[in-house]
Amino acid sequence: MKNTNIVLLLILVLLVVGALQLRYYYPLVPDPLATHFGTNMEADAWSAKRGFFITYGLIEIGMLIILLIPVFLQKRIPTSMINMPNRDYWFATERHEETWLKVSTFSLWMAAVTLAFLIAVAEAMFRANLADTTTPRLGPMFWWALGVYLGMMAVGTVWFYRHFARVPRDPNAPPVPE
């Protein structure tokens, strides 16, 4: 439960950071602003400023809702809809609550990492729009953000799979410690 509270606080902080980011950059970026960048990292599509900021805010909120569904609806989701190794073992009555806590915490961490990635990508895009160039270009910040995001997703997925792939030899034994 303590880990869940920490990540919920982190998500709240990231939401505030995202909102402050939008508030800070709204008066600074041009209208229209570059919102899509091609493989050469140069802007190749523009959007109206107001429409972009509304869409970006809705994407952050929508992504959080999708990633947080398992956390808030855990009592209503049938375990048959959960795709994980050894589902029947981990969701047996004696391990059900502890398993949901781990699945929920994992989902919360993935939501936090994804939200941080979205904020970093928006930051790179805003900086590209404010650069003193004729054609905005995404800088190395985008690649760093993408690398860190993919790395954290890979580590989280491997942890999740390895944790739930292990089952004690004796099915009546307590869960395997981490």
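Defining a contact as two alpha carbons under 8 Å apart and six or more residues distant in sequence, what relative contact order in percent does the chain show?
27 percent
Among Ser107, Ser47, Ser80, determine the one that fluctuates most according to a GNM of the chain built with springs between C-alpha atoms less than 10 Å apart.
Comparing Ser107, Ser47, Ser80 in the GNM, the peak value goes to Ser80.
Among residues other than Lys49 whose Cβ falls under 14 Å from its Cβ, what is the net charge (Lys/Arg +1, Asp/Glu -1)?
+1
Tyr149: net charge of surrounding residues, Cβ under 15 Å, Lys/Arg +1, Asp/Glu -1, itself excluded?
Counting the neighbours of Tyr149, the net charge comes to -2.
Mind checking the dipole of segment 2-165: about its Cα centre, +1 per Lys or Arg Cβ, -1 per Asp or Glu Cβ, Debye to the nearest 20?
On the way: 12 positive and 10 negative charges, 64 e Å.
So the dipole magnitude of segment 2-165 works out to roughly 300 debye.
Counting other C-beta atoms within 10 Å, and keeping those with at most 16, which DSSP coil GluC sites (Glu not before Pro) do you find in segment 50-147?
Values: sites: Glu60, Glu94, Glu97, Glu98, Glu123; in loops: Glu94.
When the GluC sites (Glu not before Pro) of segment 50-147 are filtered for loop state and at most 16 Cβ neighbours within 10 Å, Glu94 remain.
If Lys and Arg each add +1 and Asp and Glu each add -1, what is the summed charge of the other residues whose beta carbon sits under 14 Å from the beta carbon of Met125? Each step should come with its number before you reach the end.
On the way: positive: Lys49, Arg127, Arg137; negative: Glu42, Asp44, Glu60, Glu123.
Surrounding charge for Met125 is -1.
What translational diffusion coefficient, in µm²/s and rounded to a whole number, does the Stokes-Einstein relation yield for the chain at 4 °C and a viscosity of 1.567 mPa s, taking the hydrodynamic radius as the Kirkwood radius over Cα pairs?
Numbers: Rh = 18.6 Å.
Stokes-Einstein gives a translational diffusion coefficient of 70 µm²/s.
Which trypsin sites (Lys or Arg not before Pro) in segment 63-165 sit in a loop by DSSP (not H, G, I, E or B) and have at most 14 other Cβ atoms within 10 Å of their own Cβ? Don't skip to the end; give the middle numbers.
On the way: sites: Lys75, Arg76, Arg87, Arg95, Lys102, Arg127, Arg137, Arg162; in loops: Lys75, Arg76, Arg95.
Here the trypsin sites (Lys or Arg not before Pro) that fit, given the DSSP loop and packing criteria, are Lys75, Arg76, Arg95.
Using alpha-carbon pairs under 8 Å, 6+ residues apart, how would you state the relative contact order of segment 1-85 in percent? Intermediate values should be presented prior to the final figure.
Numbers: 35 pairs, mean separation 13.5, N = 85.
Relative contact order, segment 1-85: 16 percent.
For Asp31, Asp132, what ranking results if the residue with the fewest other Cβ atoms within 10 Å of its Cβ goes first?
Listed from fewest to most nearby Cβ atoms, that is Asp132, Asp31.
Scan the chain and note any complete DSSP helix (H) whose C-alpha atoms cover at least 27 Å along its axis and whose Kyte-Doolittle average is 1.0 or more. Kindly include the intermediate steps, with their values, before the conclusion.
Values: long enough: 2-25 (34 Å, 1.47); 49-72 (34 Å, 1.67); 96-130 (51 Å, 0.85); 140-165 (37 Å, 0.89).
For the chain, where a helix must reach 27 Å along its axis and average at least 1.0, the hits are 2-25, 49-72.
Considering the chain as a Gaussian network with a 10 Å cut-off on Cα pairs, which listed residue, Gly147, Gly51, Gly139, attains the greatest mean-square fluctuation?
Top of the fluctuation ranking is Gly51.
Throughout, read-outs are computed from the coordinates displayed, never taken from laboratory work. Given the structure is predicted, the values throughout are model-derived calculations rather than measurements. Glycine gets a Cβ as well: all are built from the backbone with ideal geometry, and neighbour counts include every protein chain shown.
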